[in-house]
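Every number here is computed from the coordinates shown, using simple stated rules; none is lab data. Here the structure is a predicted model, which is why all the values come from computation and not from measurement. Methodologically, a virtual Cβ is constructed for each residue, glycine included, from the backbone with ideal geometry; neighbour enumeration extends over all protein chains shown.
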Amino acid sequence: MSERLAKRIAEGTPVASHRPWPRYEVDQAGWTGAAQALGEGGGDLLGLWGETDFVHLALRVTGAAAPCVLSYRVKTSDFPSVGRYHAPALRLERAVCDLYGHLPFGSPDRRAWLDHGAWGLRAPLGPRTPSLRRDPAAYDFLPALGEGLHQIPVGPVHAGIIEPGHFRFSVNGEIVARLEERLGYVHKGIDGLLTGTDIERASRVVARISGDSTVAYSFAFARAVEEALQIDPPPRAKILRGVMAEIERIANHLGDIGAICNDASFSLIHAHCGIFRERVLAAADRAFGHRLMMDRIVPGGVKDTGPGAGRGLQVMLDEIEKPFAEIVRLYDDTPSLQDRTCNTGIVSKALVDTWAAGGHVGRASGRDFDTRRDLPYAPYHDAAFAVPVFTAGDVDARVWVRIREIEQSMLLLRHWLANLPPGPARVDLRDGSGEGIAMTEAFRGDVLVWVRVEGGRIAKAHARDASWFQWPLLEAAIENNIVADFPLCNKSFNCSYSGHDL
Amino acid sequence: MRTLLLRSLFARAVTVAAPRPDAPPPPGEDAILTELGKALEVRARRLFGRSITIREVDAGSCNGCELEIHALNNAVYDVERFGIKFAASPRHADVLLVTGPVTHNMWVALERTYAATPDPKWVVAVGDCAAGCGVFADSYATVGSVEKVVPVDLVIKGCPPKPIDLVKGLLELMDRATAKPAAKPVAQA
């Protein structure tokens with residue numbers, strides 16, 4: 001299967017100046033062949049996005065050294081559906097259709113996804129045809145039929161301090177028979193804002209695609225632009241990028257572990273994790289001048305920190321390392337808590353493999369993939385760290401992935417902070433043209449950013465969040481669980497609404 | 001767990017010290033929080049008896065603002081000790097904290113949430129997006145600021161605002177609300 005996919009790809013026409021992975025323009029047979037091969041398990045879908053005349057597909061052939069991008073020129077406003085053969089592409093195709101007007105020919109799901117009928121126009125990045133506003137609640141949910149089934153609608157405004165989205169539960173008593181998500185409420189038109197703009201402005205938009213992963217997004221964007229312009233950032237910048245990325249990972253994992261336990265009404269761990277998280281953010285603020293380290297990574301390097309910043313971060317690590325280990329022991333020693341997390345919200349390995357789900361969702365179900373190790377980039381390419389993988393696939397496994405990752409991140413941080421290279425942390429960008437693509441490992445999974453730079457400006461860029469391939473699995477995780485366990489399952493995934501809705 | 005609980009029992013609270021009128025506040029950033037907290041508490045009590053209840057509405061934020069609003073509830077800021085708490089329903093809320101540039105897809109939901117909040121009510125727009133100066137303002141998919149959809153009583157800027165700025169902002173809201181408590185018209189049923 002993977003050989004056939006590799007052969008299909010080799011038949012395409014290579015596009016010059018796309019770095020570091022190759023990009024091929026393929027015809028209908030090549031595109032459909034790749035889709036079929038993906039559907040048969042020949043590789044991982046990494047992204048699918050549109051522009052005015054093209055649809056692009058990023059994929060990684062099983063066993064191949066580097067991923068690649070396939071591009072199909074849209075001729076008669078449609079393209080052969082990938083989702084028809086490979087379900088993970090379905091929502092991505094619906095989004096392309098809503099934004100650009102390219103119809104996925106042969107797709108089994110033609111419902112609008114991001115377009116709720118509220119923009120006053122159709123295909124805002126394509127033909128921009130005016131349209132009447134629709135009732136936002138009008139949406140054909142998939143039916144769940146049977147005696148005693150009833151529906152529970154939740155959202156878009158949720159009960160907690162969280163992002164908006166709609167969940168439609170079909171339940172039989174307490175048991176969830178089907179969950180269907182409806183997202184797109186926080187669609188801000190990011191693909192549009194990343195079209196024909198300068199690099200600085202685009203950097204600020206990319207840093208705000210998903211606030212909790214701002215470092216990972218800026219990191220991927222900076223690397224993609226640097227690939228396009230063939231710039232190498234200075235060594236100090238590379239290490240500082242890694243430092244920020246790991247601080248972001250620790251802060252988010254701490255918040256998640258606490259919140260998951262809180263959803264099982266175990267507020268003690270939540271309280272302690274909240275304090276740890278606050279210590280981490282305060283240290284980040286002192287070191288980098290922003291609690292979430294937003295806009296600190298820019299194409300060309302990083303906005304440098306004072307010389308004493310490394311010391312402050314080390315002190316923070318000393319402060320939280322031991323108390324955190326104690327909280328981990330508490331989690332491990334509390335059967336009443338594990339009664340809620342173990343065997344709850346199980347996702348099968350087959351599903352995470354098909355969806356190529358990254359982050360804790362994939363690694364808790366046995367998918368041994370981490371961008372930092374498997375598609376290595378500076379400063380991880382020569383760093384030593386373990387990638388924790390669990391196989392139970394339940395809420396508990398997703399908690400343990402986070403716990404072990406925090407420990408690994410602390411080791412990485414200690415190593416880098418003790419060996420911070422001196423020198424400049426930023427080089428000037430130069431005018432130039434080219435295309436670049438990069439993937440970084442955010443706390444919740446791999447983030448992909450693709451850019452086309454023309455004359456030193458961003459002609460077009462696209463970002464794909466890890467959540468695209470995790471949201472659908474949440475629907476599978478909650479099946480046959482009780483409604484009361486949904487907050488636990490949802491929090492253990494912690495998918496981004498904003499990163500997904502774009 | 002028992003040792004942990006026992007130790008917690010005798011440990012000093014990580015929360016900044018409770019304000020005492022006769023003692024000078026401790027130095028540093030924590031001192032500001034203590035002072036703010038005291039002032040906030042007095043005003044909240046005058047207006048609402050002992051508490052105000054907040055309903056948070058994300059109307060298109062990148063979730064950065066949500067992270068910092070979340071922090072208000074942690075043991076370090078712990079706004080609940082001042083009588084400020086977050087509610088799960090707008091029906092129970094006095095204040096709506098709204099974040100984001102208001103996407104067109106969230107417009108109706110925000111309007112309905114506002115309509116579901118009983119009077120008297122206040123709206124606080126949190127963050128640069130909600131204030132109308134964020135990076136998402138020029139898009140086909142966004143309205144641009146919260147005040148274009150519902151009347152806004154206070155704006156707290158920042159991208160995202162720090163938790164301490166959020167506490168400051170709530171204090172300012174109290175000031176305004178005390179100045180003209182009956183000025184707000186009753187919304188049509």
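If you wrap a convex hull around the alpha carbons of segment A:1-48, what volume per residue comes out, as a whole number of Å³? Working shown, then result.
Values: hull volume 3.7 nm³, N = 48.
Roughly 78 Å³ of hull volume per residue.
What average number of partner chain Cβ atoms lie no more than 10 Å from the Cβ of the residues making up A:160-171?
Numbers: counts 5, 19, 5, 8, 11, 1, 1, 0, 0, 0, 0, 0.
Mean shielding by partner chains, rounded to a whole number: 4.
What number in nm² do you get for segment A:329-397 if you take the convex hull of its Cα atoms and divide its surface by four?
So the mean shadow area of the Cα hull is 5.5 nm².
Using a 10 Å cut-off around each Cβ of peptide A:262-271, what is the average number of partner chain Cβ atoms that fall inside? Numbers along the way, then the final one.
Values: counts 0, 0, 0, 0, 1, 0, 4, 2, 3, 6.
Mean partner shielding for this stretch: 2.
Out of all Cα-Cα pairs in segment A:71-164, roughly what percent, to the nearest whole number, are more than 17 Å apart?
Summing the P(r) tail past 17 Å for segment A:71-164 gives 62 percent.
Sorted from largest to smallest, which semi-axis lengths in Å does the alpha carbon gyration tensor of the protein assembly as shown give for its equivalent ellipsoid, taking the root of 5 times each eigenvalue?
Computed over the protein assembly as shown, the values are 38, 30, 26 Å.
Given a Förster distance of 45 angstrom, what is the FRET efficiency for A:Ala378 paired with A:Asn172, based on the Cβ-Cβ distance and rounded to 0.05? Write down the numbers at each step before the final one.
Working: r = 52 Å, r/R0 = 1.15.
With a Förster radius of 45 Å, E is 0.30.
Please compare each pair in A:Lys322/B:Lys168; A:Lys7/A:Lys460; A:Lys322/B:Lys85; A:Lys188/B:Lys85; B:Lys121/B:Lys148; A:Lys491/B:Lys162 to a cut-off of 27 Å on the Cα-Cα distance and tell me which ones are over it. Numbers along the way, then the final one.
Details: A:Lys322/B:Lys168 34 Å; A:Lys7/A:Lys460 29 Å; A:Lys322/B:Lys85 32 Å; A:Lys188/B:Lys85 30 Å; B:Lys121/B:Lys148 17 Å; A:Lys491/B:Lys162 24 Å.
Beyond 27 Å between Cα atoms: A:Lys322/B:Lys168; A:Lys7/A:Lys460; A:Lys322/B:Lys85; A:Lys188/B:Lys85.
Kindly state, to the nearest 0.05, the FRET efficiency for B:Glu80 paired with A:Lys303, given R0 = 30 Å and r defined as their beta-carbon distance. Write out the running numbers ahead of the final one.
Numbers: r = 36 Å, r/R0 = 1.20.
The value I calculate is 0.25.
Averaged over peptide A:114-123, how many Cβ atoms belonging to another chain are found within 10 Å of each residue's Cβ?
Values: counts 2, 3, 6, 2, 8, 6, 2, 1, 0, 0.
What the average comes to for A:114-123 is 3.
If you count the DSSP beta bridges with both ends in the protein assembly as shown, what percent of them are antiparallel, to the nearest 5?
Just about 70 percent of them are antiparallel.
Can you give the net charge of the other residues whose Cβ lies under 13 Å from the Cβ of A:Leu132, counting K and R as +1 and D and E as -1?
Net charge in that neighbourhood comes out at +1.
Let me test this: with uniform point scatterers at the alpha carbons of segment A:128-286, what is the Debye-based log₁₀ I(q)/I(0) at q = 0.19, 0.20 1/Å?
For segment A:128-286 at q = 0.19, 0.20 Å⁻¹, log10 I(q)/I(0) is -1.23, -1.27.
What ranking, highest mean first, results for peptides A:327-338, B:135-146 when packing means the other Cβ atoms within 10 Å averaged over each residue? Working shown, then result.
On the way: A:327-338: 15.6, B:135-146: 22.0.
Going by the mean number of other Cβ atoms within 10 Å, highest first, we get B:135-146, A:327-338.
Give me the net charge of B:Glu68's neighbourhood, meaning all other residues with Cβ under 12 Å from the Cβ of B:Glu68; Lys, Arg count +1, Asp, Glu -1.
Values: positive: A:Arg277, A:Arg291, B:Lys162; negative: A:Asp212, A:Glu278, A:Asp285, B:Glu56, B:Glu66, B:Asp165.
Net charge in that neighbourhood comes out at -3.
Find the all-direction average of the projected area of the Cα convex hull for segment A:3-90, expressing the result in square nanometres with one decimal place.
Numbers: hull surface 21.1 nm².
Mean orientational projected area (segment A:3-90, Cα hull): 5.3 nm².
For A:Arg134 and A:Thr76, what does the FRET efficiency come to when R0 = 25 Å and r is the distance between their Cβ atoms, rounded to the nearest 0.05?
Details: r = 26 Å, r/R0 = 1.04.
Efficiency computed from Cβ-Cβ geometry: 0.45.
Given axes a ≥ b ≥ c from the Cα gyration tensor, I'd like to know whether segment A:346-502 is rounded (a/c under 1.5), prolate (a/b larger than b/c) or oblate. All intermediate terms of the calculation are to be shown ahead of the outcome.
Numbers: a/c = 2.59, a/b = 1.47, b/c = 1.76.
Oblate, because a/c is 1.5 or more while a/b does not exceed b/c.
What translational diffusion coefficient, to the nearest whole µm²/s, does segment A:421-502 have by Stokes-Einstein, given a Kirkwood radius computed over alpha-carbon pairs, a temperature of 37 °C and 0.692 mPa s viscosity? Before the final figure, lay out the partial values.
Details: Rh = 15.7 Å.
It comes out at roughly 209 µm²/s.
Between A:Ala392 and A:Asp332, what length comes free when the chain is fully extended (0.36 nm per residue of separation minus the Cα-Cα distance, one decimal in nm)?
Numbers: separation 60, 0.36 × 60 = 21.60 nm, distance 1.56 nm.
Separation in residues times 0.36 nm, less the Cα-Cα distance, equals 20.0 nm.
Please report A:Val315, A:Val205, B:Val14 as a ranked list, fewest other C-beta atoms within 10 angstrom at the top and most at the bottom.
Numbers: A:Val315 12, A:Val205 25, B:Val14 15.
Ordered by Cβ neighbours within 10 Å, fewest first: A:Val315, B:Val14, A:Val205.
Along the three principal axes, how long is segment A:226-311 when you take its alpha carbons, biggest first, rounded to the nearest angstrom?
Per principal axis, max minus min of the Cα coordinates gives 51, 30, 16 Å.
Mind checking the full-extension length gain between A:Phe54 and A:Asp431? Use 0.36 nm per residue of separation minus the Cα-Cα distance, one decimal, nm. Can you show the working numbers first?
Numbers: separation 377, 0.36 × 377 = 135.72 nm, distance 2.51 nm.
That works out to 133.2 nm of additional length.
Mind checking which aspartates and glutamates have their Cα closer than 17 Å to the Cα of A:Lys349? Skip sequence neighbours fewer than 8 apart in that chain.
Correct list for A:Lys349: A:Glu40, A:Asp44, A:Asp368, A:Asp370, A:Asp394, A:Asp396, A:Glu475, A:Glu479.
When N is the residue count of segment A:251-366, what does its C-alpha Rg come to as a fraction of 2.2 N^0.38 Å?
On the way: Rg = 17.6 Å, N = 116, 2.2 N^0.38 = 13.4 Å.
Normalised Rg, Cα atoms only: 1.32.
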